[in-house]
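The values are calculated or read from the model by the stated rules, or taken from the named source; none is laboratory data. Quick caveat: nothing in here was measured; it's all calculated off a predicted structure. Here the Cβ positions follow ideal geometry from the backbone for every residue, glycine too, while neighbour counts run over all protein chains shown. The protein model used for the area step is the full one, side chains on, heavy atoms only, and it has no ligands, DNA or RNA in it. Shrake-Rupley method; radii C 1.70, N 1.55, O 1.52, S 1.80 Å.
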Amino acid sequence: MDKTPENDKGKVDENSKDLQLEQFRVNNDGKKMTTNQSLKVSNDEESLKAGVRGPTLMEDFHFREKITHFDHERIPERVVHARGYAAHGEFELYESMAEYTKAGFLQKAGTKTPVFTRFSNVVGSSGSPDTVRDVRGFAVKFYTEEGNYDLVGNNIPIFFIQDALKFPDLIHAVKPEPHNEMPQAASAHDTFWDFVANNQESAAMIMWHMSDRTIPKNYRMMEGFGVHTFRFVNAQGLAKFVKFHWKPLLGVHSLVWDEAQKIAGKDPDFQRRDLWESIEAGNFAEYELGVQMINEADEFLFDFDILDATKIWPEEIVPVKIIGKMTLNRNVDNVFAETEQVAFHPGNLVPGIDFTNDPLLQGRLFSYIDTQLLRLGGPNFTEIPINRPICPFHNNQRNGFSRQSINVGQVSYHKNSLANNTPSTSTAKEGGFVHYAQKVEGRVIQARSESFKDHFSQARLFWNSMSPPEKQHIINAFSFEVGKVNDRSVRQQVVDMFAHVDLEMASIVADNIGVNRPIGSQSQVTASSPALSQANTRKVPQTLRVSVLMGNGFDVDEVEKVVKMLRRYGVQFKIVAEKFGIVRSKDRFKVRVNETFLTTDPVLFDAIYVIGGTAENQGKFNSDVTNFIDETFKHFKPIGVATTGVPFFDASSAKAGPGIIFASDNDDFDKMFLQAITQQRFWDRDIY
């Protein structure tokens, strides 16, 4: 076992996991090199040879150890969620949830629990870009006083399928096609859309998939969901159905598609870099945890089945109760040891949280542990430091690959008398997990409930809830994705299918992709859910990024006023110039350059501040500045124009209008520019 003190109930705090991991950390600074057997190494440059030009000798144990370790460094990547990034943090409970659940970490307001959270892309390999159109994983491991609890979800509250038996088919369809292994990390191809058209339970999820939700701006501005229906069970044995939500304090914001594609080339690590740099700078990622709860007696009161993973519980019908906050405040020390080796499993529960009969969830309970056995080399993956609970664990499991514990004694079975029947089981009162005693009856059958068969009502609800710009983005996404499908029959099937969601939308897509307009009828649902639209999200300026385009000869007083305003409200900015070094104002005030036009790009910023000025290569400088303006303008982002920047703006193809703020004769320029940055996008801008 490890050296972590016996963490009895009440002794776990937000530092407990960090203290446990400390014993496993190794710092090589100032140390002498050794082999893995701790033998000091005298030469790490040349292998042992028979003469300086002779063959390498097999007796070179240092070479064999080093190269063998290298040859075995990689483990199988995750079949899904391979592209991931993670951070440590804490969860603090706002108010006691004892009325609803006996889970220990949810009992006392102010309780802080260590967490480890991994964000990921579903489809792509581990080397694919961050900003592709894809569902994002949002998995949180709580290191509680009762053991590890894993809330393994996504950034979308529903899923493509209703039964886990179809999961291999879904993933086979969306992965690169087997005959040519293309395309990578993309759903815009024949097999995926053939699957969609022939598995229409995916309709609602596809509407989410075609929305801006699948191109999030960064992990810090991304919502998370538990997806499935779980149960809360209190100390009296009373249960409620529950769904989990993570709501980012910075609001839910996304990229635009053209921007996302360009970022994939300019910085394929864009989202992971954002998380790493933000935490390093002290701009911690924060999310409030909310729960939706339904009484067991009300299970059948809704026009959707609450166990159907392709359906949401609209927040206007079942409100979200905010119960706590997660703060990710520490980056990993080693990506492989922590982010890559962490093993999540929706079956990792604590007393007070239990499953339901959601058939997709039921299948996940087998699949997750099965895949870890392959990826992490056997059943002892729970002993890897990042996966260890911070409370003691005792059982009769002993052997297997890479066993870390040295269990003493002759007994490894239950029941026994030689060890006084220890380790012994616990009653529910002592903290033992007792499955909720739900009533189950029925014939053994391979079938699906009739209540699961409405595939289009919530797809229509989602469409009704979108703002006009979001609807246009969905049409554009369909036109791009299905336009990449080579088989005309599949393209036709898709537009015929989504005519059931909205006939006009499907007709526009049909025109765009060269197939016949559909003749079906759309769903008659008229309801909407404002909570689904990002137009209604929180907007704050903190941590947004501004590029300051600057040459020599700027007005220091004007610029200083704006910079002070940005700093006061936590807006990040970088000075972008012709070359590294310094630029000087008219009165020779010096400013150090952070980036050049060669090393950065407008798609990497949330807004630009055009100051302009003079440069050694004035023609290239002018071209670079106007390129920044043009790109920022067509991505609907704010542009602030200093008095010296007007000639550069006039030379661009951008036009005055929403989100374009000029400093000339404007005493409130700094405040107006800050407001524009906070707004982030100006969809009513005419970019054509």
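In this label model, I75 and D29 are separated by 2.8 nm, measuring between points 7 Å along each Cα→Cβ vector.
Leaving out ligands, DNA and RNA, what percent of the accessible area of segment 367-417 is carbon and sulfur, probe 1.4 Å?
On the way: 1690 of 3100 Å².
Answer for segment 367-417: carbon and sulfur cover 55 percent of the accessible area.
Calculated accessible area for segment 1-157 comes out at 54 Å² per residue, all protein chains present (probe 1.4 Å; ligands, DNA, RNA ignored).
In this rough spin-label picture, where each label sits 7 Å from Cα along the Cβ direction, the A419-K266 distance is 6.0 nm. Take the Cβ atoms of D333 and E296, set R0 to 30 Å, and the FRET efficiency comes out at 0.10.
Counted residue by residue at 0.36 nm each, then reduced by the alpha carbon distance between them, the extension gain from K321 to Q397 reaches 23.3 nm.
What order do you get for 175-181, 489-495 when each peptide is scored by the mean count of other beta carbon atoms within 10 Å, highest first?
Numbers: 175-181: 12.1, 489-495: 21.0.
The peptides rank, most packed first, as 489-495, 175-181.
The Cα center of segment 597-661 and the Cα center of segment 38-62 differ in position by 58 Å.
Shown for the chain are no DSSP H helices, since none reaches 27 Å along its axis, judged by Cα atoms, with a mean Kyte-Doolittle hydropathy of at least 0.0. Compactness of segment 540-591, taken as the C-alpha radius of gyration over 2.2 N^0.38 Å, stands at 1.17.
What does the convex hull of the Cα atoms come to per residue for segment 99-230, in Å³?
144
Pairs over the 25 Å Cα-Cα cut-off, from the set K32/K66; K11/K141; K11/K102; K240/K325; K561/K637; K453/K484: K453/K484.
Translational diffusion coefficient, Stokes-Einstein: compute it for the chain using the Kirkwood radius over C-alpha pairs as Rh, at 20 °C and 1.002 mPa s, and state it as an integer in µm² s⁻¹. All intermediate terms of the calculation are to be shown ahead of the outcome.
Values: Rh = 28.2 Å.
My calculation gives 76 µm²/s for D.
Work out the FRET efficiency for D668 and N617 from their Cβ-Cβ distance, taking R0 = 35 Å, and round it to the nearest 0.05. Walk me through the numbers on the way to the answer.
Working: r = 35 Å, r/R0 = 1.00.
FRET efficiency, D668 to N617: 0.50.
Sorting the segments 115-126, 240-251 by their residues' average number of neighbouring beta-carbon atoms within 10 angstrom, most packed first, yields 115-126, 240-251. Site pair E65 and Q362 shows an inter-label distance of 5.2 nm when each label is modelled 7 Å from Cα along Cα→Cβ. Working ranking of peptides 186-194, 211-219 by packing, defined as the average number of other Cβ atoms within 10 Å per residue, highest first, is 211-219, 186-194. Sort out for me the Cα centre separation of segment 214-277 from segment 147-200, rounded to whole Å. That distance is 18 Å. Taking only the Cα atoms of segment 560-688, the radius of gyration and Dmax are 13.9, 40 Å. When the chymotrypsin sites (Phe, Trp or Tyr not before Pro) in segment 288-322 are filtered for DSSP coil states and for at most 13 other beta-carbon atoms within 10 Å of their beta-carbon, the remaining sites are F300.
Viscosity 1.002 mPa s, temperature 20 °C: what is the translational diffusion coefficient of segment 45-150 from Stokes-Einstein with a Kirkwood Rh over Cα pairs, rounded to a whole number of µm²/s?
Values: Rh = 18.4 Å.
Rounded to a whole number, D works out at 117 µm²/s.
Loop only per DSSP, at most 12 neighbouring Cβ atoms within 10 Å: give me the trypsin sites (Lys or Arg not before Pro) in segment 367-409, ordered by residue number.
Values: sites: R375, R398, R403; in loops: R398, R403.
Counting only loop positions with at most 12 other Cβ atoms within 10 Å, the trypsin sites (Lys or Arg not before Pro) in segment 367-409 are R398.
For segment 406-502, GluC sites (Glu not before Pro) meeting the loop criterion (DSSP other than H, G, I, E, B) and having at most 16 other Cβ atoms within 10 Å: E430, E441. Starting from the Cα-Cα distance between D684 and D303, subtract it from 0.36 nm times their residue separation and give me the gain in nm to one decimal. My answer for the length gained is 133.5 nm.
For every helix of n ≥ 4 consecutive DSSP H residues, a contribution of -39,500 (n - 2.57) applies; sum these over the chain, divide by its total residues, and give [θ] at 222 nm rounded to the nearest 500 deg cm²/dmol. All intermediate terms of the calculation are to be shown ahead of the outcome.
Values: 16 runs with 174 residues, N = 688.
The helix contribution divided over the chain gives -7500 deg cm²/dmol.
Note that segment 442-567 carries a Kirkwood radius of 18.7 Å, evaluated over its alpha carbons pair by pair. With all protein chains in place and a 1.4 Å probe, the accessible surface of segment 186-232 carries 42 percent carbon and sulfur. From the alpha carbon centroid of segment 404-461 to that of segment 482-543 is 41 Å.
Calculated on the Cα set of segment 246-387, radius of gyration then Dmax: 19.2, 53 Å.
Here segment 484-629 is treated as a sphere whose radius is the Kirkwood value from Cα pairs; by Stokes-Einstein at 4 °C and 1.567 mPa s it diffuses with a coefficient of 67 µm²/s. Report the paramagnetic label zone for K586: residues of segment 595-626 whose backbone N is under 17 Å from a point 7 Å from Cα along the Cα-to-Cβ axis. Hits in segment 595-626 for K586 at 17 Å: 611-615. Subtracting the Cα-Cα distance of A531 and Q184 from 0.36 nm times their residue separation leaves 121.7 nm of extension gain.
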